[in-house]
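Please treat every number below as a calculation from the coordinates, not as lab data. Computed from a predicted model, the values in this text were never measured in an experiment. Note that each Cβ is placed from the backbone with ideal geometry, even for glycine, and that neighbours are counted across all protein chains shown.
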Amino acid sequence: MALHTSSSHPSFTFEKLIKYFLKLGSIGFGGPLALVGYMRTDLTEKYAWMKREDFLNGLALSSLCPGPIATQLAIYIGWFYGRILGATLAFFAFTLPAFSMILTLAIAYTHYGDVAWVHAAFYGVSACVISIVIRHAYKLSKMIVAKEYWLWGVFILNIILSLATSLPMYWALLLSGVFVLSIKSFPRSLFLSSIILPTWLNIESLSQNHLLGKVFLYFAWAGTVVFGSGYAIIPFIHEGVVQNYHWLTEQQFLDAIGVGMITPGPMVLSVAFIGYLIAGFKGALAATAGVFLPCYLCVILLAPHFHRIAHHKAIHAFVQGLTISVAGTITGTTLLLGKKAIVDFPTIGIFVVTFCGLFALKKVPEPLWIFLAAGIGILVK
């Protein structure tokens, strides 16, 4: 396996890199930005296996590709040192530990979900999840907006669209992307828009009658049209699995997101929990394979040519529009979910305390808030 030895520390071996991703996937909590931060600190400073500029190139590529950014970055780092085989091994090392944990929890949930104390725990967790997701949507939007304050208008408009209309999410994403592209890269945006618009497909036209085929195609499509944080997939998955296909109830969906938050590794792996509830073990595999396939292909296909598109303003503008749209839609969808989760004084209290605590006590890890909320739910119920 050919390695970029000129960019690596003498102590570096590919085996050590895979072991590192196995460890990070097993104990890495805190969401996508935290996972990216761990990789930066460990790989460029602690172990000095990568040059800072090489790491930043991978981060820039990850921000341009659809899917969860931490997973994309792990795939890129694997590709950087071992091309396609390296990217594949890094992906499995990073995601397999959390997938195994979530699958175990899905099996337990299926068998014991109706047990009183389990139901009570998720009663508390659901209200806590609403706070955490809203905070991540705010952090994502703040990072994208930076000093371009007019983008807050796009963010607010997407909240309104998700709350007050039945406009499919992919249209909101597309329109936002084209709008920001038009503002920042006119007139080249007219040409790019003419390419993008006709290729935006409806998943139902591709779906087969077979359930596993529908699950795989739907999650693959979801993985194609969401950018940035793993939390970005929440409103899109909710629209499909709850509203359109009725595969899950609102409460089951909230429980799945909560499970994704209390396990290490990529939060987007909550799709494995959702897939298991839909169609058992095969459903978990279909959903997971579908949601990660686009980002995997995007990284390994674009990485060899990234130096040519790294500074393409039109591409950055379109992705920026998509991402700020996602942040707004996350917020709007989460507020709608809040109507189901925040139903009485105890859940109002859990929501308010968690929301304030997340901003005031930033060093307290999110899984701890979820476990505390679960305990309160058990005590109340």
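Normalising by residue count, segment 114-380 has a Cα convex hull of 142 Å³ per residue. The mean sequence separation of alpha-carbon pairs under 8 Å and at least six residues apart, normalised by the residue count of the chain, gives a relative contact order of 31 percent. Taking 29 Å as the straight-line reach from the Cα of Lys23, the lysines in range (excluding those fewer than 8 positions away in the same chain) are Lys46, Lys51, Lys139, Lys282, Lys362, Lys363. Cβ distances below 4.7 Å define possible disulfide partners, and in the chain the cysteines left without one are Cys128, Cys295, Cys356. In this label model, Lys381 and Phe306 are separated by 4.4 nm, measuring between points 7 Å along each Cα→Cβ vector. The slack in the chain from Val364 to Phe345, taken as 0.36 nm per residue of separation less the alpha-carbon distance, amounts to 4.4 nm. Exposure proxy for Tyr245, Tyr231, Tyr20: other Cβ atoms within 10 Å of each Cβ, ordered fewest to most, give Tyr245, Tyr20, Tyr231. Cα centroids of segment 96-159 and segment 20-84: 22 Å apart. Straightening the chain between Leu85 and Ala60 buys 6.8 nm, computed as 0.36 nm per residue apart minus the Cα-Cα spacing.
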